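K.L.:
Could you have a look at this structure, given as structure tokens, before my questions?
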Amino acid sequence: MKLELGNFYVKEICFGDKTSLKDGLLTVNKEEALAVVKEDEHITEAELYIVSPGDRVRLVPVKEAIEPRYRVGGGPVFPGVTGDLMQAGNGTTYALKDMSVLVVGRHYGGFQDGLIDMSGEGAKYTYYSQLKNLVLVADTDEIFEQKEQQKKNRALRWAGMRLAEYIGAAVKDLIPDEVETFELEPVTKRSKEINELPSVVLVLQPQSQMEEGGYNDLNYGWDTNRMLPTFMHPNEVLDGAMISGSFMPCSSKWSTYDFQNLPMIRKLYKEHGKTINFLGVIMSNLNVALEQKERAALFVAQMAKSLGADSAVVAEEGYGNPDADFTGCIVALENAGIKTVGLTNECTGRDGASQPLVSLDEKEDAIVSCGNVSTLIRLPKMETVLGELEALARDGLSGGWSNDEILGASVKEDGSIIMENNAMFCGDQVVGWSVKRMVEF
Amino acid sequence: MKGILYLNQFFGQIGGEELADFKPEIREGLVGPAMALQQELGDEVQITHTIICGDNFIGSNTEEAVETIISMLKGKEMDVFFAGPAFRAGRYGAACGHICKAVKKEFDVPVLTSMNDENPGVEMFKKEMYIFKGGASAAAMKKDIKAMSKFALKLLKGEKLLPAAEEGYFGRGMRDQIWLDPPVTAADRVIDMLLKKINGEPFDTELPIPKSDRVAIAPSITPEDLSHMEVALITSGGIVPVGNPDRIQSASATKWGKYDISQTDDLVKGEYMTIHAGFDPAAANNDSDVIVPLDAMRRYQKEGKIGGVYKYFFSTVGTGTTQAEAARMGKEIARELKKDGIRAAILTST
């Protein structure tokens, strides 16, 4: 399978007459773009903004981030989600780099939504403060979940994907700045030199905890709660097979942009043929029932062993209950003789003294740990807020609260905030970007 | 700023083992190692007093010694407190730990000590104070004092503190995130660790697995005993009377509530609900017995399988709640139950 990603580097975004890219300047026809957003009658109100690194802007409640793309030769950017099913990861896709489409609720947030500061002290907590962002701020008529802490955010997330496809289509007739090729030979057809290198599988545990449809990450449109671990080509993940869900406390969440660019996959590709033999991805999940966890671990270990993996990397999208899957999977792999490194974040409490993962095992002797979800963060007022600041305190964001006996509400009258890292949008970057690590004090 | 140092009878120049019963004394100015400490601290911090106590005395009369020393310190200006270094001396290490702990609690000032990693005082007290990694004997005095005082100055000036391993003290079990400088991405760190693990080279995990803290499973109860016993219901599933009277948090809970069910047989919709933010609440809001199975317990009670149901059920929220908070709440609830002679409980999670 061979994927060519044609990259167009976006240096600046502006609004203008024609949606187009020229010399790194992305011009967006706002009216046309908003018409695409409003194709769904559930969108009741929508506006677009442009934010860049250094802007005095705070975004909250942020629901999703997507990289604008265009599938050369036709077909949806997200097969099985924004269009018919087709093979992802084989062929050419164009990508607009250094930018994302961010989706922000006009009013209402929830457990799974987060916050981004584009400048100041808060900027270091998210990856998206480093990007140019086209921001969709919108509201919907999904009254049934308006006051619910857990929201599917269906209309908003799908609007974001449509918008990303619309923006992506602006480059369809252009020549990319650069083409990156991602190609892995079939597992049994690799050269002697490659076969002699230690082989590695990447085990991904995307979020799948909700029994009811509409909340979990989707794999080609299929609810990850309803799947057993399956072997995937890494190109499929990089090319739109996986989309983010709407459930996990936000700093632990993997956005759709995160899947499209998954740094751990890119790194394994970079090492492939040099230090390792990258076998592929085992896509597992994080279902809640113990039996489902055990079954998933069993499947992962068997698959890795049958593939002849010498080693594995396991990454979890979540903490708490999912730690049991993370630990269970690592233990199953180690028991199968596969040398495993785990990639996660921790919940050590506001004082840092709590047990880092819910479930621990001495076989987990190699872990890269990207953050503490419960670290308290205080940030000053930001000039401009896109969305609604009060959502952080009012709507049960995983790192916000409306009343705390000692700390008061998350949002102060002067516009400053106090929150847990939990609500930083995809902040722990367990997909591989994180330059944070956990240490003992 | 002002500081005070604690020493044992030997370093306090009272005498050796034969004078280890020496009762606590406070002296103005510098005694023994206090001079070296003052030298390292320079003009920033003045060591105003030295406290001296025999190792045996504090070992056998810990409470009395600690109380005496605390009363000696009352009214003294103090911004920081030092003890030792204790090197490998076990009794001296324990004494430094006890005193530092009490001073921190009473006066809320930073407390620092230094011990060798084989000193049992390290395991006893490292979670509660800065214990610097010291030498095995007094030969390391200058170096150990330097390490303590250097850090004390950073602490007092409010400078950025580095992780335990870099500052040189024993980790206090408090984990937090730092930004790597220069930045190294998690993906790069994974590959580095993976290659080392594959090649059998040493590597440093970023999450050393702590020793597990398991509670032994209690001996089983016979059906005969159970038929006479009241059973308590406890949940981390966030079931509360509608309105959440105790305002238990929906995530990262620090509170628990107890609710009278002595006159209740069924947790009906509209009267009870869940406030837990970590799962789909539909089923629990429709019938809270799916999480706190009071209806089933009442049936068992009628059938004579259990003696009864304890008059309160206890509830908190498990999602995002730290292990430390959970353990504290568990202990508090257990105390209530024991007080009422309850010996059996069902703990439901979600």
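What follows draws every value from the coordinates through simple rules; no lab data is involved. This one's a predicted model, so the numbers in the text were calculated from it and none came from an experiment. Backbone-built Cβ (ideal geometry, glycine too); neighbour counts: all protein chains shown.
K.L.:
Under a 5 Å amide H to amide H cut-off, with H placed in plane at 1.01 Å, what residues pair with B:Tyr312 once short-range neighbours are removed?
P.N.:
Those qualifying (amide H under 5 Å, at least 5 residues apart or on another chain) are B:Ile261.
K.L.:
Let me ask something else. Can you run phi through the Karplus equation (6.51, -1.76, 1.60; θ = phi - 60°) for region B:190-207 and list ³J(HN,Hα) in whole Hz, with x for Gly and Pro?
P.N.:
After applying 6.51 cos²θ - 1.76 cosθ + 1.60, I find 4, 5, 4, 5, 5, 5, 5, 5, 4, 7, x, 8, x, 9, 10, 5, 8, 9 Hz.
K.L.:
To make sure I understand, if each residue's beta carbon is the centre and we count other beta carbons within 10 Å, what order do A:Ser246, B:Ser250 fall in, fewest to most?
P.N.:
Final ranking by Cβ density, sparse to dense: B:Ser250, A:Ser246.
K.L.:
Quote the relative contact order of region A:392-435 in percent (integer), defining contacts as alpha-carbon pairs under 8 Å separated by 6+ residues.
P.N.:
29 percent
K.L.:
While we're looking at this one, here's another question. Order of A:226-234, B:7-15 by packing, highest average Cβ count within 10 Å first?
P.N.:
B:7-15, A:226-234
K.L.:
Starting from region A:128-205, pick out the GluC sites (Glu not before Pro) whose DSSP state is loop and whose Cβ has at most 12 other Cβ atoms within 10 Å.
P.N.:
A:Glu196
K.L.:
Taking the Cα centre of chain A as the origin and placing charges on Cβ (Lys, Arg +1; Asp, Glu -1), which of A:Tyr269, A:Thr224, A:Ala324 is farthest toward the positive end of the dipole?
P.N.:
Comparing the listed Cα positions along the dipole, A:Tyr269 ranks first.
K.L.:
Tell me, A:Lys339, B:Lys105 in order of fewest to most beta-carbon neighbours within 10 Å? Each step should come with its number before you reach the end.
P.N.:
Working: A:Lys339 19, B:Lys105 11.
Least to most surrounded, the residues fall as B:Lys105, A:Lys339.
K.L.:
Between A:Asp84 and A:Glu178, what length in nm is gained on full extension when 0.36 nm per residue of separation is reduced by their alpha carbon distance?
P.N.:
Here the answer is 31.0 nm.
K.L.:
Still on this structure, I have one more. Using the Cα centre as the reference, give the magnitude of the dipole from point charges on the C-beta atoms of region A:84-184 (Lys, Arg: +1; Asp, Glu: -1; all else neutral), rounded to the nearest 20 debye. Walk me through the numbers before you get to the answer.
P.N.:
Working: 11 positive and 16 negative charges, 62 e Å.
That gives region A:84-184 a dipole magnitude of about 300 debye.
K.L.:
Convex hull over the Cα atoms of region A:177-296, averaged projected area in nm²?
P.N.:
If I average the Cα hull's projected area over directions, I get 8.9 nm².
K.L.:
For the residue pair B:Leu19 and A:Lys2, what label-to-label distance in nm results when each label sits 7 Å from Cα along the Cα-to-beta-carbon direction?
P.N.:
If labels sit at B:Leu19 and A:Lys2, their model points lie 8.7 nm apart.
K.L.:
Based on DSSP, what percent of beta bridges with both residues in the protein assembly as shown are antiparallel, to the nearest 5?
P.N.:
Given both bridge residues lie in the protein assembly as shown, the antiparallel proportion sits at roughly 45 percent.
K.L.:
Run down the lysines and flag those whose C-alpha is under 17 Å from the C-alpha of A:Lys270, throwing out any fewer than 8 positions away in its chain.
P.N.:
Here the lysines satisfying the reach criterion relative to A:Lys270 are A:Lys2.
K.L.:
Could I ask something else about it? What is the Cα centroid distance between region A:91-163 and region A:301-333, reported in whole angstrom?
P.N.:
So the two Cα centres are separated by 30 Å.
K.L.:
Neighbour counts of other C-beta atoms within 10 Å: give me A:Trp433, B:Trp179 arranged from fewest to most.
P.N.:
Fewest-to-most Cβ neighbours within 10 Å comes out as B:Trp179, A:Trp433.
K.L.:
Compute the Rg/Rh shape ratio of region B:215-326: radius of gyration over Kirkwood radius, all on alpha-carbon atoms. Don't skip to the answer; put the middle values down first.
P.N.:
Details: Rg = 14.8 Å, Rh = 14.8 Å.
Ratio of gyration radius to Kirkwood radius for region B:215-326: 1.00.
K.L.:
Just the Cα atoms of region A:232-342: what Rg and Dmax do they give in Å?
P.N.:
Just the Cα atoms of region A:232-342 yield Rg and Dmax of 14.0, 40 Å.
K.L.:
Return the percentage of antiparallel bridges among DSSP beta bridges fully within region A:2-423, rounded to the nearest 5 %.
P.N.:
Numbers: 39 of 84 bridges.
Restricted to region A:2-423, the bridges split so that about 45 percent are antiparallel.
K.L.:
Please express the shape of the protein assembly as shown as an equivalent ellipsoid: the semi-axes are the square roots of 5 times the eigenvalues of the C-alpha gyration tensor, given largest first in whole angstrom.
P.N.:
49, 34, 27
K.L.:
Got a sec? Charge dipole of the protein assembly as shown, +1 on Cβ for Lys and Arg, -1 for Asp and Glu; which of B:Val231, A:Leu134, B:Gly93 is way out at the positive end?
P.N.:
Checking the options against the dipole of the protein assembly as shown, the answer is B:Gly93.
K.L.:
Determine the percent antiparallel among the DSSP beta bridges restricted to chain B, to the nearest 5.
P.N.:
Expressed as a percentage, antiparallel bridges in chain B total about 30.
K.L.:
With unit charges on the beta carbons (Lys and Arg positive, Asp and Glu negative) and the dipole taken about the Cα centre of chain A, which residue among A:Ala315, A:Leu96, A:Phe278 sits farthest to the positive side?
P.N.:
A:Phe278
K.L.:
Still on this structure, please answer the following. Distance from the Cα centre of region B:172-197 to that of region A:254-268, in angstrom?
P.N.:
18 Å
K.L.:
Relative to the Cα centre, what is the charge dipole magnitude of region A:2-423, using +1 at the beta carbon of each Lys and Arg, -1 at the beta carbon of each Asp and Glu, and rounding to the nearest 20 debye?
P.N.:
For region A:2-423, the charge dipole is close to 820 debye.
K.L.:
Please sort by residue number the trypsin sites (Lys or Arg not before Pro) in region A:64-171 whose DSSP state is loop and whose Cβ has at most 16 other Cβ atoms within 10 Å.
P.N.:
Listed in order of number, the matching sites are A:Lys147.
K.L.:
Could I ask something else about it? Pop out the ³J(HN,Hα) list for region A:396-409 in order, Karplus 6.51 cos²θ - 1.76 cosθ + 1.60 with θ = phi - 60°, rounded to Hz; leave Gly and Pro as x.
P.N.:
Once θ is set to phi - 60°, the couplings for region A:396-409 become x, 4, 4, x, x, 7, 8, 8, 9, 4, 9, 8, x, 7 Hz.
K.L.:
Stretch A:Gln146-A:Lys30 to full length: gain in nm at 0.36 nm per residue minus the Cα-Cα span?
P.N.:
Once the chain is fully extended between A:Gln146 and A:Lys30, it gains 39.1 nm.
K.L.:
Can you give the Rg and Dmax of region B:155-224 based on its C-alpha atoms, in angstrom?
P.N.:
Rg, Dmax (Cα atoms, Å): 20.1, 66.
K.L.:
Contact order normalised by length for region B:223-348, with contacts defined as Cα pairs under 8 Å and 6 or more residues apart; what percent is it?
P.N.:
Reported relative contact order: 44 percent.
K.L.:
Separation of region A:386-412 and region A:1-22 by C-alpha centroid, Å?
P.N.:
37 Å
K.L.:
Using just the C-alpha positions of chain B as equal point scatterers, what log10 of I(q)/I(0) does the Debye formula give at each q in 0.10, 0.12 1/Å?
P.N.:
For chain B at q = 0.10, 0.12 Å⁻¹, log10 I(q)/I(0) is -0.83, -0.94.
K.L.:
What number in nm² do you get for region A:344-441 if you take the convex hull of its Cα atoms and divide its surface by four?
P.N.:
7.8 nm²
K.L.:
When a/c reaches 1.5 or more, the comparison of a/b and b/c decides; with that in mind, is region B:2-167 rounded, prolate or oblate per its Cα gyration tensor?
P.N.:
Here region B:2-167 falls in the rounded category.
K.L.:
Among A:Lys381/B:Lys154; A:Lys363/B:Lys127; B:Lys104/B:Lys146, which pairs are too far apart, with a Cα-Cα distance over 23 Å? Spell out each step's value before the answer.
P.N.:
On the way: A:Lys381/B:Lys154 30 Å; A:Lys363/B:Lys127 25 Å; B:Lys104/B:Lys146 21 Å.
Where the Cα-Cα span goes over 23 Å, the pairs concerned are A:Lys381/B:Lys154; A:Lys363/B:Lys127.
K.L.:
Cα extents of region A:2-423 along the three principal axes, largest first, in whole Å?
P.N.:
Cα extents, longest axis first: 58, 57, 36 Å.
K.L.:
Would you mind getting me the FRET efficiency between A:Phe15 and A:Gln130? Use the beta-carbon distance for r and R0 = 35 Å, nearest 0.05.
P.N.:
Working: r = 22 Å, r/R0 = 0.63.
Here the calculated transfer efficiency is 0.95.
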